[in-house]
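Take a look at the structure set out below.
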Amino acid sequence: GEQVEQLPSILRVQERSSASINCTYENSASNYFPWYKQEPGENPKLIIDIRSNMERKQIQGLIVLLDKKAKRFSLHITDTQPADSAMYFCAAQIASSSFSKLVFGQGTSLSVVP
Amino acid sequence: DPKIIQKPKYLVAVTGSEKILICEQYLGHNAMYWYRQSAKKPLEFMFSYSYQKLMDNQTASSRFQPQSSKKNHLDLQITALKPDDSATYFCASSQIGGKEQYFGPGTRLTVL
């Protein structure tokens with residue numbers, strides 16, 4: 001299978017707290033896992049990614065963790081701000097070629113409230 | 001300066017008609033893709049092209065035909081439009097050997 005499951009679908013957090021989104025994938029040949037942020041009426045924008053040779057990656061307040069054994073990866077947003085409110089999508093890419101498709105999760109609607 | 005251009009931004013069509021969605025990228029990438037986003041299926045891969053050659057096709061219907069006249073162009077022709085085709089269509093691109101895919105602004109298609 002190629003499905004990517006993403007939870008939760010809706011997430012509401014207090015400003016300055018952390019937000020966590022979890023994804024699981026089926027295909028053990030997946031080796032690249034990007035995260036996209038999409039604001040209303042806009043295109044998905046790549047915010048962070050992780051490759052299968054890593055377990056953890058951090059860019060400023062964004063942390064991605066990858067557990068290949070469990071086929072699970074997650075995004076953690078620390079010190080959230082209202083500007084972080086958006087849809088977030090995880091995705092997985094299979095290693096077969098450099099132009100392999102991305103298989104996306106169903107998305108998480110994040111609201112950061114003051 | 002937008003690096004991936006999609007035209008038009010909004011498109012309204014009648015059932016049974018045919019439309020062409022335009023995509024041009026100026027990132028110097030040599031792989032291009034089409035994805036569809038609707039309320040039913042958030043982001044769904046359709047096609048991938050590299051050097052004007054079809055690499056992968058996950059679209060069941062032959063009504064969707066990608067067309068590549070230049071390396072940095074990948075248009076999408078849709079024939080016999082149906083209301084279910086209503087969605088936002090995103091073009092994306094990447095470098096062969098790289099992994100990151102960047103999305104264009106999208107064309108929002110409504111079929112009446």
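Every number here is computed from the coordinates shown, using simple stated rules; none is lab data. Keep in mind that what you see is a predicted model, and the values were worked out from it rather than measured. In this analysis, Cβ positions are derived from the backbone assuming ideal geometry, glycine residues included, and neighbour counts consider all displayed protein chains.
Odds and ends about this structure:
- Top of B:LYS19, B:LYS41, B:LYS82 by mean-square fluctuation, Gaussian network on chain B, Cα under 10 Å: B:LYS41
- Neighbours of A:ASN31, meaning other residues whose beta-carbon lies under 13 angstrom from its beta-carbon, give a summed charge of +3 when Lys and Arg score +1 and Asp and Glu score -1.
- As a size descriptor, the averaged projected area of the C-alpha convex hull of the protein assembly as shown was calculated at 12.4 nm².
- Distance (nanometres) between label positions extended 7 Å along Cα→Cβ at B:ARG63 and B:GLU100: 3.7
- Chain A shape via C-alpha gyration tensor axes, a/c threshold 1.5: prolate
- Mean partner shielding of peptide A:43-49, defined as the number of other chain Cβ atoms within 10 Å of each residue Cβ, is 5.
- Take the Kirkwood radius over Cα pairs of the range A:49-114, plug it into Stokes-Einstein at 25 °C and 0.890 mPa s, and you get 183 µm²/s for translational diffusion.
- Residues A:CYS90, B:CYS91 arranged by fewest to most Cβ contacts within 10 Å: A:CYS90, B:CYS91
- Virtual spin-label span in nm between A:ALA83 and A:GLN3, 7 Å along Cα→Cβ: 3.7
- Top of B:TYR33, B:TYR102, B:TYR89 by mean-square fluctuation, Gaussian network on chain B, Cα under 10 Å: B:TYR102
- Electrostatic bookkeeping for B:TYR10 treats Lys and Arg as +1 and Asp and Glu as -1; over the other residues with beta carbon under 13 Å from its beta carbon, the sum is +4.
- Rough spin-label spacing in nm, given labels placed 7 Å along Cα→Cβ, for A:ARG51 and B:LEU27: 1.7
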